[in-house]
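We did not get these values from a lab; they are worked out from the coordinates using the rules stated. Since the structure is predicted, the reported quantities are computational estimates derived from the model, not experimental observations. With ideal geometry, Cβ positions are generated from the backbone for all residues, glycine too; neighbour counts draw on all protein chains shown.
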Amino acid sequence: METLELDIVKQENLIYEKPRLMNDNPMHYCPGCSHGVVHKLIAEVIDEMGMEEKTIGIAPVGCAVFAYNYLDIDWIEAAHGRAPAVATAVKRLNPNKMVFTYQGDGDLAAIGTAETIHACNRGENIVIVFINNAIYGMTGGQMAPTTLLDMQTSTCPYGRKVELNGYPLKISDLLALLDGTCLVTRQAVHTATAVRRAKRTLRKAFENSMARKGTSVVEFVSNCPSGWKLTPEQANQWMIKNMFPKYPLGDLKDI
Amino acid sequence: MAKVKGSVTVNTERCKGCDLCVVACPSEVLELTNEVNSKGYNFARVKNPDECTGCANCGYVCPDGCITVYQIKI
Amino acid sequence: MAEEVKLMKGNEAIAHAAIRYGTDGYFGYPITPQSEIMETLMDEKPWETTGMVVLQAESEIAAINMLYGGAACGKRVMTSSSSPGISLKQEGISYMAGAELPALIVNVMRGGPGLGTIQPSQADYFQAVKGGGHGDYRLITLAPASVQEMADHVALAFDLAFKYNNPAMILADGVIGQMMEKVILPEQRPRKTEEEIRREQTWATLGKTKDRKPNIITSLELDSSIMEHNNIRFQNKYKQIEENEVIFEELLCDDAEYLIVAFGSAARISQKAVELAREEGMKVGLFRPVTLWPFPKKRLKSYSEKIKGILTVELNAGQMVEDVRLAVECKVPVNHYGRLGGIVPTPDEVVEELMKLK
């Protein structure tokens, strides 16, 4: 058996590895965090489209603030919530480039709501990658606009209550209503099947941006094992049970 | 029907021991060790190499890109 | 387009000068008294001629962050607004200073605080030259006093911004923005090509080519020792700017016993006051800082042994007067005269204040 194994581990038999555009810097994300998988998908799609030299990523403020340390492309680190405005100018001034933002739920759906809605409404030819884990991970687990009702965070320690905090914001549903968006979709990366589907959709989003079809929004319903105080696998199960009913996976709009 | 045989290697230094690859594997090829890497994580390693079909599920779900998968038809 | 002589408003001159400079992008949000800048640009449709992008943003905050994105790509980008809108832009200006990005911000000042008034003011002096946003940074600040300077300062501000990789501001006021004068517009310059930008702005995020590492535009650094090093680098740059880029104008200062120090529209009023005071036998000169930061402190200091008193005239409650006092190291009495809330003083009022120096 030993010899058979040696035969397998050869370059010509390679079917999966860390994406070429993802460098060797250790990522600062907590064990099991969805961010890493989404980073890999973006790296793979850019590489497979042959757009490495034409891609500009806009990093957010939040857990993914250091996204620029992990994918070997040009990056701009935006002020909190302003990534869609930054991306708007980058794309309009460089129409032949491929431009995307990478934003969390606080960045995109709280402080940056105006920039998100207006970039989408103008139909900017960009991709918005949206990580929704219903919590503020980087600052230590505070309530997000997408935090579920009764879900506990450090700023709603007795659970989110409508009277105090209002309702979880289904911002992708809202963005799907705008005439400027061509693709609004909810994906997840908790299983291999989900990852493969998400990658196909992400590629479509990037292709849309180069075909000048308008704004594509790819929401990833994600886990936050540390913020949710669960193991990664428990977090994925909690996500399936609690997040998916509120934020169902699938395309909200695809034209 | 053509059979396939796979093999996975784990970058144990990069691994954070999240266990998601272990859960994702349909053939119980992987396990978390009791040993720790230099960052203090119980890393993943191959337990049952013979069972691997090279489906790459472990690789897809690994958040840190620690897993490389090879596959041959036999 | 060749050089042209035209009669127009200060705000319109900025728009025409921007197109002719070869500006790549304008991003703004309407606010009185500067809305003619974007209106003129939209009317001129430069995207059909030079390829310049002009976009009405959803807010001043979005506009300044569009600047951040455009500047990160090494493009010549600008925005304009008036006082309340400029307050909204401060975060973005701080980020650009921290990421060392060149860009042009035009502030056609109106009276504040708060929503204030739409009439002219110079009450944003502190905001422009003392920071405005957070952190230890400096904003190159130019104060035009004529429609011609509104046009000329577009090129000057961009040139300085790109020389030092730092944001620059044209700090005008409602008088200069709204008044009409003759202006000589420069001939059309071509916009920079991507190849030129890649060569000159090697840090620009235009896509990572195989021959270099990724370019990353950020102001973030969690390692305090590196962040201190970055700050020291910024401070050294600011020192260089203070050494090399001071601009001022002197009128009848050679034999002056008294000086008026004033910028922008206040300097124009003061010019008439100097004339009137001299008719009454008072030897007054006008010292007009053109760069408010870097402030012409060395030159002002040189007057401290020669003159008997200084009056600063400002459309505010006394802001630049502090820098004048610092410059002359309190060796000369320095008074301030200002009108507030959008009121513009008359030359006679200024002469009356001058007489109090005697």
Taking the convex hull of Cα positions in the stretch C:1-91, its mean projected area over all directions (nm²): 5.9 nm²
Give a residue-ordered list of calculated ³J(HN,Hα) values for the stretch C:176-183 (Karplus: 6.51 cos²θ - 1.76 cosθ + 1.60, θ = phi - 60°; whole Hz; x for Gly, Pro). 5, x, 8, 6, 9, 8, 6, 9
How high is the relative contact order of the stretch C:27-112, in percent, counting Cα pairs under 8 Å that sit 6 or more residues apart? 35 percent
For peptide A:25-35, what's the mean number of Cβ atoms from other chains within 10 Å of each residue's Cβ? 4
Of the options A:78, A:14, A:28, report the single residue whose Cα projects farthest towards the positive end of the charge dipole of the stretch A:1-85 (beta-carbon charges: Lys, Arg +1; Asp, Glu -1). A:78
Relative contact order as a percentage, chain C, C-alpha pairs under 8 Å and 6+ apart, gives 18 percent
Per residue of C:297-309, how many C-beta atoms from partner chains lie within 10 Å of its own C-beta, taken as a mean? 0
Per-peptide average of other Cβ atoms within 10 Å, ordering C:282-291, A:52-61, C:48-57 highest first: A:52-61, C:282-291, C:48-57
tail above 21 Å in the computed P(r) of the stretch C:133-243, as % of all Cα-Cα pairs, reads 56 percent
Across the stretch A:18-134, what fraction of all alpha-carbon pairs, as a whole percent, falls in each successive 10 Å bin from zero upward? 15, 48, 32, 5
Nearest 10 degrees, 0 to 90: what angle lies between the long axis of helix C:10-21 and the longest principal axis of chain C (Cα atoms)? 40 degrees
Percent of alpha-carbon pairs separated by more than 35 Å within chain C: 24 percent
Expressed as a fraction of 2.2 N^0.38 Å, the rule-of-thumb size for a compact globular protein of N residues, what is the C-alpha radius of gyration of the stretch C:183-282? 1.88
With only helices counted (DSSP H, runs n ≥ 4, each -39500 (n - 2.57)), the per-residue ellipticity at 222 nm for chain B, to the nearest 500, works out to -2500 deg cm²/dmol
When you look at the Cβ of every residue in C:214-227, what mean number of other chain Cβ atoms sits within 10 Å? 4
At each listed q (0.12, 0.15, 0.22, 0.23 Å⁻¹), what is the log10 of I(q)/I(0) that the Debye formula gives for chain B modelled as equal alpha-carbon point scatterers? -0.29, -0.44, -0.88, -0.95
For the stretch C:122-185, what does the alpha-carbon gyration tensor say about shape, rounded, prolate or oblate, given a ≥ b ≥ c as the root eigenvalues, a/c under 1.5 as rounded, and a/b over b/c as prolate? oblate
Please report the spacing between the Cα centers of the stretch C:293-358 and the stretch A:101-118 in Å, no decimals. 47 Å
Dipole of chain C (Lys/Arg Cβ +1, Asp/Glu Cβ -1, origin at the Cα centre): which of C:320, C:224, C:10 lies farthest to the positive side? C:224
Which value at 222 nm does chain C reach when only helices count, each DSSP H run of 4 or more adding -39,500 (n - 2.57), with the total divided by all residues and rounded to the nearest 500 deg cm²/dmol? -12500 deg cm²/dmol
Karplus couplings for the stretch C:145-161 from phi (6.51 cos²θ - 1.76 cosθ + 1.60, θ = phi - 60°), rounded to Hz, Gly and Pro as x? 10, 8, 5, 4, 5, 4, 5, 5, 6, 4, 5, 4, 5, 4, 4, 5, 4
J(HN,Hα) series, the stretch C:232-243, from Karplus relation 6.51 cos²θ - 1.76 cosθ + 1.60, nearest Hz, glycine and proline x: 5, 4, 4, 4, 5, 5, 4, 4, 4, 5, 5, 6
Which three numbers, in whole Å and largest first, are the semi-axes of the equivalent ellipsoid of the stretch C:49-185 derived from its Cα gyration tensor as √(5λ)? 21, 19, 14
Would you compute, from DSSP H runs of 4+ residues alone, the mean residue ellipticity of chain A at 222 nm, taking -39500 (n - 2.57) per run and dividing by the full residue count, rounded to the nearest 500? -9500 deg cm²/dmol
Place a +1 charge on the Cβ of each Lys and Arg in the stretch A:1-126 and a -1 charge on the Cβ of each Asp and Glu, then give the dipole magnitude about the Cα centre in debye, rounded to the nearest 20. 720 debye
Based on the alpha-carbon gyration tensor of the protein assembly as shown, what equivalent-ellipsoid semi-axes (square roots of 5 times the eigenvalues) come out, in whole Å, largest first? 58, 24, 23
Got the relative contact order for the stretch C:309-358 handy, in percent, Cα pairs under 8 Å and 6 or more residues apart? 47 percent
Highest to lowest packing among C:221-234, A:112-125, scored as the average C-beta count within 10 Å: A:112-125, C:221-234
Expressed as cubic angstrom per residue, what is the convex hull volume of the alpha carbon set of chain A? 132 Å³
For the stretch C:229-358, just the Cα atoms, rotate onto the principal axes and tell me the three extents in Å, largest first. 55, 35, 22
Hey, got the Cα dimensions of the stretch C:38-112 along the principal axes, in Å, largest first? 35, 31, 18
